[in-house]
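Each value in this text was obtained by applying a stated rule to the coordinates, not by laboratory testing. None of these values were measured; they are calculated from a predicted model. Virtual Cβ from ideal backbone geometry, glycine too; neighbours counted across all protein chains shown.
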């Protein structure tokens, strides 16, 4: 078999760069193209960088020209914030995906599509099953803008897979990622000097380590399966236990004021807590990862508590005493 | 599901019970054994209080006067204090176990003496037929339900921990809005509760847990004083489907006493709508006494475990058989109802 030819969107994000690096070192891969609006920060050997806006119709020419057999869709904005307005994020997520799907229709060589989607589609609900299996999406109404974006992205690829039964579409549903080098909504929130938490709630969180986040996509490229697959480190951790392990000081806020508290953090430019994360911090969410381990054949190296430990280690050992010390004035 | 995964879950299931009660022994002996076992595991901030309570109970059981018992219990205080402080600090560092359901063994162990005190002194509960509960493997406990707080589920768990030869902690399913209320959501989850959903029930059973369910659901909570011990409809028999699908035996449980702890005299639907709860009950103590209204009345309890109904031989496909499901559901309902009526008679006066 000749080597595989792969196109990756969103190559300039941290995880995109890491995925591209993993693909470039894989001997069974002949060609890797990375698409994004701005070049990646690090030099990527063996990856052809294509500078293009995913929202533009130029994609319809670019994708067929690369003659790729696999497309990895990684350009999904999870954190509207400085530089990216909510509207721009929505445009990239929905219009970008639409353009990519349209381009794939024109690219006869494409046989597999892997999407790095989000488990956000399940939502966070008080009455939710404690472990979502893949068929339980849309059990509840899609409440936030990002959820509706993810819903639309999934519908687009579902329709594409129905129209093109010979193309294998894998929808990876990622839980929030955490890790030493990642800078995400979640890590910023957890790094606040005082972490606002909803008073009287201790949500079960499930996270995925950055290493596993990269490896899971690579595993799905090696072994594409049809339909949605949950990606998460097994096990859960309560928010209280997480903050204590990390030596962070929690600031419990009554629920009606919680949104205000997170908005204040945003005003101060400290962290941007999206409505999705806010609901997650109230009710939590965990998923079943049987499909990932048994069908894709990838067993995450870090469980959720281990991923948290690794993140805590990378930030230097802190405990409650040093954390309280840092808060004292006069330093 | 693969064999490997199943055996993993079995292992998790076996680890699920926590040893706090003695093997059906006397109060004093059980107290000592339990105390030592608590000492081995990472401690909890309430430890001194726990030891105090244990010692107090031990003293009272020996027939000492209340004052002497208090003095005796306080004597053991300082020795434990250092260790307890260390345990509390460890908990503050986040060093405590917590399974993927949010069940917190340390917390449950800490609260257990309190539950035992409620069981023995407050409700003077009597458990009958505890040994009919399977000692290992999956099983579905089906009981009558009353009261907004899941005291009945906790007392069933306590009865099994205290008196079963192979004590283990039963998980229980409670209504969804318990998870929408501050603190209650934390406490319920830490003690082994989960949202009443077939997905959760099936998963817990596949992990070889004991699972307590209340098929009356919301209708059970909302029963008024005059309807007490009259079982409401058992839904559509969803619990039978779950038992058939997982091959778990059904153990009917009749709880007498739980339906008198919060006598609901009236309901204010308008307030319930505002608060988003299914009912806004008016009881003799609530809302007149405010938060004190949450203190349950000291009725006398009698928890009877009935003969298990095996479901393994029907096979998982039988879950689709509506006739069988409804028949079994009705059979369980009748069993619970019969034993409830018998139990009320056996128990005698509710509050004496």
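Taking beta carbons within 10 Å but only from partner chains, what does the mean come to for residues A:118-129?
Values: counts 0, 0, 0, 0, 0, 0, 0, 4, 8, 9, 6, 9.
Other-chain Cβ atoms within 10 Å of each residue's Cβ, averaged: 3.
Hey, could you grab the Kirkwood Rh for chain A? Inverse mean 1/r over distinct alpha carbon pairs, Å, one decimal. Spell out each step's value before the answer.
Values: mean 1/r = 0.0489 Å⁻¹.
Computed over Cα pairs of chain A, the Kirkwood hydrodynamic radius comes out at 20.5 Å.
For a footprinting-style exposure proxy, rank B:58, B:313 by other Cβ within 10 Å, fewest first.
Lowest count first: B:313, B:58.
Within segment B:186-241, the proportion of C-alpha pairs whose separation exceeds 17 Å stands at 48%. Distance between the 7 Å Cα→Cβ label points at residue A:155 and residue B:320: 3.1 nm.
Per-residue shielding of B:90-99, expressed as the average number of other chain Cβ atoms within 10 Å of the residue Cβ, stands at 5. Most tightly packed first, judged by the mean number of other beta-carbon atoms within 10 Å of their residues, the peptides A:305-316, B:160-171 read B:160-171, A:305-316. Full extension of the segment from residue A:61 to residue A:295, taken as 0.36 nm per residue of separation minus the current Cα-Cα distance, would add 80.9 nm. Within segment A:165-192, what residues put their amide N at less than 20 Å from the label point 7 Å along the Cα-to-Cβ vector of residue A:41? Residues A:177-192 fall inside that zone. Computed packing ranks the peptides B:97-103, B:274-280 as B:97-103, B:274-280, most packed first, by mean other Cβ atoms within 10 Å. On the beta carbon distance between residue B:337 and residue A:136, with R0 = 56 Å, the FRET formula returns roughly 0.95. Annotation for residue A:48 and residue A:199: the two label points, set 7 Å from Cα along the Cα-Cβ direction, are 6.0 nm apart.
Starting with the highest mean, order A:162-170, B:177-185 by the number of other Cβ atoms within 10 Å, averaged over the residues of each peptide. Walk me through the intermediate numbers first.
Working: A:162-170: 15.4, B:177-185: 19.0.
Ranking the peptides A:162-170, B:177-185 by packing returns B:177-185, A:162-170.
The mean number of partner chain beta-carbon atoms within 10 angstrom of a residue's beta-carbon across peptide A:19-27 is 0.
Here the spin labels are modelled as points 7 Å beyond Cα on the Cα-Cβ line, and at residue A:143 and residue B:274 they lie 2.3 nm apart.
Could you list the residues of segment A:190-216 with an amide nitrogen less than 20 Å from a label point located 7 Å from the Cα of residue B:183 in the Cα-to-C-beta direction? Zone members listed by number: A:197-204. At full extension, residue A:183 and residue A:2 could sit 61.4 nm farther apart than now, given 0.36 nm per residue minus the alpha carbon distance. In segment B:209-352, the convex hull through the Cα atoms has an average projected area of 10.1 nm², a quarter of its surface area.
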